[in-house]
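Undergrad: Can you keep this structure in mind? I'll have questions shortly.
Here, each number is a calculation from the coordinates, and none is a lab measurement. Keep in mind the model is a prediction, meaning the values are calculated, not measured. Neighbour counts run over all protein chains shown; Cβ positions are idealised from the backbone, glycine included.
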There are 2 protein chains.
Amino acid sequence: MGAREHAWNRQQGNRADRLARAHSVLAGGLSGKVCEAGRIADLLHAVLEPGDRVCLEGNNQKQADFLGKALAGLDPARINQLHMLQSVIALPEHLDVFERGIASRLDFSFSGPQAGRLARLVASGKLNIGAIHTYLELFSRYFIDLTPRVSLIVAEAADRAGNLYTGPNTEDTPAIVEATAFKSGIVIAQVNRIDDTLPRVDIPASWVDFVVQSPSPYYIEPLFTRDPAQISEIQVLMAMMAIKGIYAEYEVERLNHGIGFDTAAIELLLPTYAQSLGLKGKIARHWALNPHPALIPAIEAGFVESVHSFGSELGMEEYIRARPDVFFVGPDGSMRSNRALCQAAGHYACDMFIGSTLQIDLQGNSSTATLGRVAGFGGAPNMGADARGRRHVSPAWLKAGRQAREGRNLMPRGQKLVVQMVETFREHMQPAFVDRLDAWQLAEQAGMEIPPVMIYGEDVTHILTEEGIANLLLCRSDEEREQAIRGVAGYTAVGLARDKRMVENLRDRGIIRRAEDLGIDKRLATRDLLAAKNMKDLVRASGGLYDPPKRFRNW
Amino acid sequence: MGAREHAWNRQQGNRADRLARAHSVLAGGLSGKVCEAGRIADLLHAVLEPGDRVCLEGNNQKQADFLGKALAGLDPARINQLHMLQSVIALPEHLDVFERGIASRLDFSFSGPQAGRLARLVASGKLNIGAIHTYLELFSRYFIDLTPRVSLIVAEAADRAGNLYTGPNTEDTPAIVEATAFKSGIVIAQVNRIDDTLPRVDIPASWVDFVVQSPSPYYIEPLFTRDPAQISEIQVLMAMMAIKGIYAEYEVERLNHGIGFDTAAIELLLPTYAQSLGLKGKIARHWALNPHPALIPAIEAGFVESVHSFGSELGMEEYIRARPDVFFVGPDGSMRSNRALCQAAGHYACDMFIGSTLQIDLQGNSSTATLGRVAGFGGAPNMGADARGRRHVSPAWLKAGRQAREGRNLMPRGQKLVVQMVETFREHMQPAFVDRLDAWQLAEQAGMEIPPVMIYGEDVTHILTEEGIANLLLCRSDEEREQAIRGVAGYTAVGLARDKRMVENLRDRGIIRRAEDLGIDKRLATRDLLAAKNMKDLVRASGGLYDPPKRFRNW
């Protein structure tokens, strides 16, 4: 091989060196691609190099926890300056690697549970944040300028050839492995078990270099389970307004829901309140959504035609298996989720995103970043943004676009409905409406170029609180928009500072609508409207197929 | 199985019925999953049902032509009312199925070569268009409300178990198969050959139902090859302006190029003009792009660090294999493309899209739809739209966002550069600038709800013609924007109707920049600047590795 050619296959050569080191160090510890669990540190020391970009799999559901712990236990004198790529920072070991000097740089999407410690590590200089992304954006960079050199992934089972079965929680695995395997990187998978034959193949063996059976099954959290017992009557009222004032108004057939109790209440009102309005078959037919247990009654009532999922949800396995007309399942009967494709679907094939937030400012910008916490965005920016590349029409999309453009000399275009649903005060009486987002101060503290906004005001179409719905599509000036927001901000300082006459004018024009304007009888807004009032009701609705995790078995 | 359960697995039951019919009809014509080519009509008659949603694979590169022909030859008395889902309408048989009454509805993305006949079929009532999409949007709907019941796909090779090797032209296959196989649909693959072992597995056998070896290799077109001999000196001048006035100005490191001669000229000026400006390592480092032969000199000069591709390009196979540090290749050395993931990457991980169009109006809206031709959009709307879900920063993105927001009280946000690069007159002296897009009239004729706009003026940041660059980010009113566009529209009627004083004012403010304003010596704008002047030069630059298709071997 000439010198010139050599210069163009350094990655392949380096990959071969890493594999040779692994085989030389491990020798008897390797059987084909299968590495003994006890030798994982040796394997990682052999294949990693300082400065590597390392993708550690873990979303807010399944976690490559065994590999993550092993990574955090490596010798920082040998392996250091790693650049970590992670969808989610969820477990202590995800930050231990920085604390111990093994890694120094981080590109990620979400860090809910570790947001405080993450902020402290940034302040201490031990952790340098590249950027915070929405999931699909982070996956996208894996193919452009953040391609992983080594990926540490997680699957349910492998066969001896290295084929992987990821089953219901396929999640991020396909996108990560594709980016790594096809750029001469190294893919190491932890698996719960090694079987002779797999129920189906989710990742072909030729994409995988090493497989290790972890001593215990991978860590996984039921993050999308909401106990109906905790839904308040205010949330029932807000859900009624959402259904009558937005879902019915725009004929929203394809959608994504956030993960809070607000949207769980909507799910539980579909077979009762929405049904009573004659909306079955007209709204909420196709979903990009994890298999929320709260959706069971709506599925059973025939409201829901299809659900494609980012990941799965613990306890929903048998229910999904018994409802294959609704969910995406493989020939083995278990679900195939795929976060990259479901995020694309949420962006391009849904007419509405509705979710919650922590703070909203007077322009409608919202953020979950609060002081001292670098929390990240998850999927919200992708789904809570107008999909400006979209070209197919639907009644919802056309109507939103018309409302935004009425009276303006603009090329006709549809628009995605992006609804922020918040009570005016959140926990500990913190106002959800603020003059200035904490994100500004956080940006200063963490040296970010711009404040970490989750959803921009420009993209929000409606704000829904217990006081009513503000339709921002119909606002024609910054002032109108500000008063529309103040007009649903209740007794917060922002709400109290409203211009009452202007707010009444906005209400006359239908820009602000109260429950009574929508013909909603507030006396009906009781928990009796919920199709399931507690976890046991959900199990019953599922015909006993839903098997809630222990912590939710509260009856 | 109880009655209640039965209602939830109709798709699986129906799938089993279809498979049973196939096995009963074909009997000896099937060996495992492998169907004899001569029995393809029997197979299709057996597995299809009237009204099915059928995805026929074919992008503007590889085509499932054997299956497409077989479909068009079916008996319309047995198989009719099909709803076709297709990335591209490229071959006559794609429309024959409508002409013959086998299919009646179409959702698609692009129809370049068949656009005229498509329009006539719409007019005759034989073909009902669901919608025109951008590719990623169409794939997204496969997981939400347009899931295929049967997919007819194409691969290079299969093994006897049904594993598929799609090799360099993997393209749309993974997204199509995943949506179909995991919703109890049927996947039939045509392959060029059946081998005992595959170079690698691109699609696992458990996702594939039938494999048929086509009598001749699948049809594939080299659509991204531009002969440098056809690049004009005006295009060289425009490329110089692009490089100095946009690439350098914004430090554009990650990008996508359109497929015209305009952008091919830019590719060929990187190792010469851009190099002379000291831009190597500063611009055009990471690409979401098919392997354009015109990029070879820039790759050889070390300008290009990585290229991820939607599909491949005929003749580039050996060159790609020898440059694995740049391209995404598998362990077998051949490329893995993936249109869905590359479109996501183009949307979220690129700072700029630059491409051409046929018509631009006074608001900057552009369209390739012209009267009597329903042409579709391809990938342009996805990449030529501001990615509003993006949250990571780069110098280019931040600068564009700052320019758009300067002096406005808006939350800081970056913005994607979307550049339309056109000569003021296109072929046959048709003006590229018009008062009103043909898309309006086409929408009326075809009964579309809104005109088929490829890229909206709201998303365009720069328009570049031989007369100069109009920076629309800096415009602060509709009038300024209109005059900025007129100011680069040359001798078209739109250009001649400019307000000269206002245009000069825009030029003083840097909103319009001419070659001389950029310090570009027009005398240098000759073909001598091209790093390759013809196909032979490209072959030479590749060290003989690039092997152009016959029709381009013009020396």
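Undergrad: Give the long-range amide H neighbours of A:Phe433: residues separated by 5 or more places, or on another chain, with amide H under 5 Å away, using H modelled in the peptide plane at 1.01 Å from N.
TA: Under 5 Å from the amide H of A:Phe433: A:Ile360.
Undergrad: Another question, then. Give me a single rounded figure for B:445-451: the average over its residues of other chain Cβ atoms within 10 Å of their Cβ. Kindly include the intermediate steps, with their values, before the conclusion.
TA: Values: counts 0, 0, 0, 1, 9, 10, 3.
Averaged over the peptide's residues, the number is 3.
Undergrad: Over 29 Å apart: what share of the alpha carbon pairs of the stretch B:229-536 falls there, rounded to a whole percent? It would help to have the intermediate numbers written out before the result.
TA: Values: 16186 of 47278 pairs.
In whole percent, the share of Cα-Cα pairs in the stretch B:229-536 beyond 29 Å is 34.
Undergrad: While we're here: How long are the semi-axes of the equivalent ellipsoid of the stretch B:192-255, taking √(5λ) for every eigenvalue λ of the Cα gyration tensor, in whole Å from largest down? Each step should come with its number before you reach the end.
TA: Numbers: eigenvalues 399, 74, 15 Å².
Each semi-axis is √(5λ); the values are 45, 19, 9 Å.
Undergrad: What lysines sit close enough to B:Lys522 to cross-link, taking a C-alpha to C-alpha distance under 20 Å and skipping anything fewer than 8 places away on the same chain?
TA: Those lysines meeting the cut-off are B:Lys244, B:Lys533.
Undergrad: Follow-up. Taking square-rooted eigenvalues a ≥ b ≥ c of the alpha carbon gyration tensor, is the stretch A:406-484 rounded, prolate or oblate, where a/c under 1.5 means rounded and, failing that, a/b exceeding b/c means prolate?
TA: Working: a/c = 2.32, a/b = 1.37, b/c = 1.69.
The shape class here is oblate.
Undergrad: Arrange the following residues from fewest to most other Cβ atoms within 10 Å of their Cβ: A:Phe66, B:Phe425. Working shown, then result.
TA: Numbers: A:Phe66 24, B:Phe425 17.
By the 10 Å Cβ count, ascending: B:Phe425, A:Phe66.
Undergrad: Of the DSSP beta bridges with both residues in the stretch A:415-529, give the percent that are antiparallel, rounding to the nearest 5. Intermediate results must be reported in sequence, preceding the final value.
TA: Numbers: 8 of 11 bridges.
Within the stretch A:415-529, antiparallel bridges account for around 75 percent of the total.
Undergrad: Tell me which residues come under 5 Å, amide H to amide H, from A:Val34 once H is placed; ignore anything under 5 positions away on its chain.
TA: Here the answer is A:Val211, since their amide H atoms fall under 5 Å of that of A:Val34.
Undergrad: Ok, one more. Could you line up B:Ser109, B:Ser232 from fewest to most neighbouring Cβ atoms inside 10 Å? Could you put the intermediate results ahead of the total?
TA: Working: B:Ser109 28, B:Ser232 15.
With the sparsest Cβ surroundings first, the list reads B:Ser232, B:Ser109.
Undergrad: Follow-up question, since we're still on this one. Evaluate the charge dipole of the protein assembly as shown about its Cα centre and quote only its size in Debye, nearest 20, assuming +1 on the Cβ of each Lys and Arg and -1 on the Cβ of each Asp and Glu. Can you show the working numbers first?
TA: On the way: 126 positive and 132 negative charges, 73 e Å.
With only Lys, Arg, Asp and Glu charged at Cβ, the dipole is about 340 debye.
Undergrad: Follow-up. Excluding same-chain residues fewer than 8 positions from A:Lys550, which lysines have a Cα within less than 16 Å of its Cα?
TA: A:Lys550 reaches A:Lys536.
Undergrad: Does the protein assembly as shown come out rounded, prolate or oblate by the C-alpha gyration tensor, with a ≥ b ≥ c the root eigenvalues, rounded set by a/c under 1.5 and, if not, prolate when a/b is larger than b/c and oblate if not?
TA: Rounded is the answer for the protein assembly as shown, as its axis ratio a/c remains below 1.5.
Undergrad: Also, I was wondering about something else. Order these by the 10 Å Cβ neighbour count, fewest first: B:Arg21, A:Arg501. Walk me through the intermediate numbers first.
TA: Details: B:Arg21 17, A:Arg501 9.
Placing the least packed residue first, the sequence is A:Arg501, B:Arg21.
Undergrad: What FRET efficiency would be calculated for the residue pair B:Ala497, B:Gln441, taking the C-beta separation as r and a Förster radius of 22 Å, to the nearest 0.05? Write out the running numbers ahead of the final one.
TA: Values: r = 21 Å, r/R0 = 0.97.
For B:Ala497 and B:Gln441, the calculated efficiency is 0.55.
Undergrad: May I ask for the angle, rounded to the nearest 10°, between helix A:233-242 and the longest principal axis of chain A, with both axes built from Cα atoms and the value confined to 0 to 90°?
TA: Here the helix axis deviates by roughly 80 degrees.
Undergrad: Go through the stretch B:456-467 residue by residue and turn each phi into a ³J(HN,Hα) via Karplus (6.51, -1.76, 1.60, θ = phi - 60°); whole Hz please, and just put x for glycine and proline.
TA: Along the stretch B:456-467, the couplings run 7, x, 4, 9, 7, 9, 9, 10, 10, 10, 5, 8 Hz.
Undergrad: Identify the trypsin sites (Lys or Arg not before Pro) of the stretch B:372-454 meeting these criteria: DSSP loop state and at most 10 other C-beta atoms within 10 Å of the C-beta. Present the calculation step by step, with values, prior to reporting the outcome.
TA: Values: sites: B:Arg373, B:Arg388, B:Arg390, B:Arg391, B:Lys399, B:Arg402, B:Arg405, B:Arg408, B:Arg413, B:Lys416, B:Arg426, B:Arg436; in loops: B:Arg388, B:Arg390, B:Arg391, B:Arg408, B:Arg413, B:Lys416, B:Arg436.
When the trypsin sites (Lys or Arg not before Pro) of the stretch B:372-454 are filtered for loop state and at most 10 Cβ neighbours within 10 Å, B:Arg408 remain.
Undergrad: Please report the Cα spread of the stretch A:14-220 along all three principal axes, rounded to whole Å, starting with the longest.
TA: Answer, in whole Å and largest first: 48, 36, 32 Å.
Undergrad: What is the count of Lys pairs in the stretch A:14-220 whose alpha carbons sit under 23 Å apart, if the two are 8 or more places apart or on different chains?
TA: Total qualifying Lys-Lys pairs in the stretch A:14-220 comes to 4.
Undergrad: Tell me whether chain A comes out rounded, prolate or oblate; compute the Cα gyration tensor, take square roots of the eigenvalues as a ≥ b ≥ c, and use a/c under 1.5 as the rounded threshold.
TA: Working: a/c = 2.10, a/b = 1.61, b/c = 1.31.
It comes out prolate by the Cα gyration axes.
Undergrad: A:Arg551 versus A:Gln275, label points 7 Å from Cα toward the beta carbon: distance in nm?
TA: According to this spin-label approximation, the distance is 3.2 nm.
Undergrad: Another question, if that's okay. Quick one: which residues, 5+ away or cross-chain, put their amide H under 5 Å from the amide H of A:Ile203? H built at 1.01 Å from N.
TA: Under 5 Å from the amide H of A:Ile203 lie the amide H atoms of A:Leu164, A:Thr166, each far enough along the sequence or on another chain.
Undergrad: Further, regarding this structure: A:Glu479 to A:Asp508: FRET efficiency via 1/(1 + (r/R0)^6), r the Cβ-Cβ distance, R0 25 Å, to the nearest 0.05?
TA: Details: r = 16 Å, r/R0 = 0.65.
Efficiency computed from Cβ-Cβ geometry: 0.95.
Undergrad: Can you tell me the dipole magnitude for the stretch A:369-452 around its Cα centre, using point charges on the Cβ only (Lys, Arg +1; Asp, Glu -1), in Debye to the nearest 20? Intermediate results must be reported in sequence, preceding the final value.
TA: Values: 12 positive and 8 negative charges, 154 e Å.
Value, rounded to 20: 740 debye.
Undergrad: PRE reach from B:Glu458 (point 7 Å along Cα→Cβ): which of the stretch A:433-471 fall under 16 Å by backbone N?
TA: A:456-462
Undergrad: Nearest 5 is fine: what % of DSSP beta bridges in chain B come out antiparallel, could you say?
TA: On the way: 22 of 70 bridges.
For chain B, the DSSP antiparallel bridge percentage is about 30.
Undergrad: Now for a different question. Using a 10 Å cut-off on Cβ atoms, rank the peptides A:163-174, A:360-371, A:209-220 from the highest mean neighbour count down.
TA: Values: A:163-174: 27.1, A:360-371: 22.6, A:209-220: 19.2.
The most tightly packed comes first, giving A:163-174, A:360-371, A:209-220.
Undergrad: Mind checking A:323-332 for the average number of partner chain beta-carbons within 10 Å of each residue's beta-carbon?
TA: Numbers: counts 4, 10, 10, 4, 3, 8, 6, 6, 8, 1.
The shielding value for this peptide is 6.
Undergrad: Please compute the average number of Cβ atoms from other chains found within 10 Å of each residue's Cβ in peptide B:337-346. Mind dumping the intermediate values first?
TA: Working: counts 1, 5, 0, 4, 12, 3, 4, 13, 10, 4.
Counting other chains' Cβ atoms within 10 Å and averaging over B:337-346 gives 6.
Undergrad: Rounded to the nearest 5, what % of the DSSP beta bridges within the protein assembly as shown are antiparallel ones? Each step should come with its number before you reach the end.
TA: Details: 44 of 142 bridges.
Bridges in the protein assembly as shown are about 30 percent antiparallel.
Undergrad: Using a 7 Å offset from Cα along the direction of the beta-carbon, what are the separations from B:Asp521 to the same position in each other copy, nm, ascending?
TA: List, nearest first: 8.5 nm.
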